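What follows is calculated from the coordinates using simple rules that are stated; it is not laboratory data. Here the structure is a predicted model, which is why all the values come from computation and not from measurement. Because the Cβ atoms are built from the backbone with ideal geometry, glycine has one as well, and the counts that use them run over all protein chains shown.
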Amino acid sequence: AQSVAQPEDQVNVAEGNPLTVKCTYSVSGNPYLFWYVQYPNRGLQFLLKYITGDNLVKGSYGFEAEFNKSQTSFHLKKPSALVSDSALYFCAVRPLRGSWGKLQFGAGTQVVVTP
Amino acid sequence: EAGVAQSPRYKIIEKRQSVAFWCNPISGHATLYWYQQILGQGPKLLIQFQNNGVVDDSQLPKDRFSAERLKGVDSTLKIQPAKLEDSAVYLCASSLAQELSPLHFGNGTRLTVT
C-alpha cells in the first residue's frame, strides 16, 4: 500500500533560518508526491508536486522540495523562514491505483517560526 | 477567481441526529471531492465526483454517509445518524478534470457530535 510518513509532529525554527519539513514515502513504482499547507481554520493550499524529471521542485511562497529516490524522501525546504510560514504542512502521495484525486496524506507537521 | 465555498463553517449536533454540508466548487472544475479530517490526522478522501458521477466512494461509510452532486456543480454531504467518531472537519475540494491537477480546498465545516 502507498503511504507517506512525516516523522516530526512539530518543527521550530527562528525567522530567517532555513526550514526543512521531512517526508518519507512508501510506494511501489514511481511516486506522485505533493506538499500542501494549512493555515488555521482554513482549507489546504497546494504548494508543489513531483511527477517526474528534475529532483528539485520549486513551488509557491519560496518553497521547494527535493525528491530522493534512494532515501524514499521528499523533504520540503525553504532557505529563509518567515513568521507567516507558521502553519500545518502535509505531504501526500497519489496511489497508483484509484482515482487521481485520492491523495494519501501524512499526519502533518506543525511549523512554528519565531521572530 | 472565487474559491471553493462551504457552509456551514461550524455545526454542533447530538449523536444519532442528522446533518448536511454544502459545497460549491470553483467554476469550471468538473471534479469535486469530500475529505474528512479528524483532529491530528491528515485528510481522508470520502468521495470523488466527476461531473455528477461518482468516481470513488470506497472509503465512504455508506451505512450513514451519503453525497450527491445532482447537476454536476454544487454538492451535499449528509450524515444520518451521526456518531461521536464523526466529529471532524469536512473539507470540500475541486479540481480540473485532469490527472494530477492541484486540488483547491474550501475552508471546511467543523462538525462536533456530542
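Residues with beta-carbon under 11 Å from that of A:Pro31, excluding A:Pro31: net charge, scoring Lys, Arg +1 and Asp, Glu -1? Walk me through the intermediate numbers first.
Details: positive: A:Lys49, A:Lys69, A:Arg94; negative: none.
So the environment of A:Pro31 carries a net charge of +3.
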Output row, site A:Leu82, 7 Å Cα→C-beta label point, backbone N cut-off 11 Å, window the range A:1-40, residues none
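Computed from the mean reciprocal separation of all distinct C-alpha pairs, what Kirkwood hydrodynamic radius does chain A have, in Å? Mind dumping the intermediate values first?
Values: mean 1/r = 0.0706 Å⁻¹.
Over chain A, the inverse of the mean reciprocal pair distance is 14.2 Å.
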If the chain between B:Trp22 and B:Ala97 were fully extended at 0.36 nm per residue, the gain over the current Cα-Cα distance would be 24.9 nm
The simple spin-label model distance between B:Gln41 and B:Leu84, using points 7 Å out along Cα→Cβ, in nm, is 1.6
In the range B:1-55, the trypsin sites (Lys or Arg not before Pro) that sit in a DSSP loop and have at most 16 other Cβ atoms within 10 Å of their own Cβ are B:Arg9, B:Lys15, B:Arg16
Long-range alpha-carbon pairs in chain B, meaning those over 17 Å apart, account in percent for 50
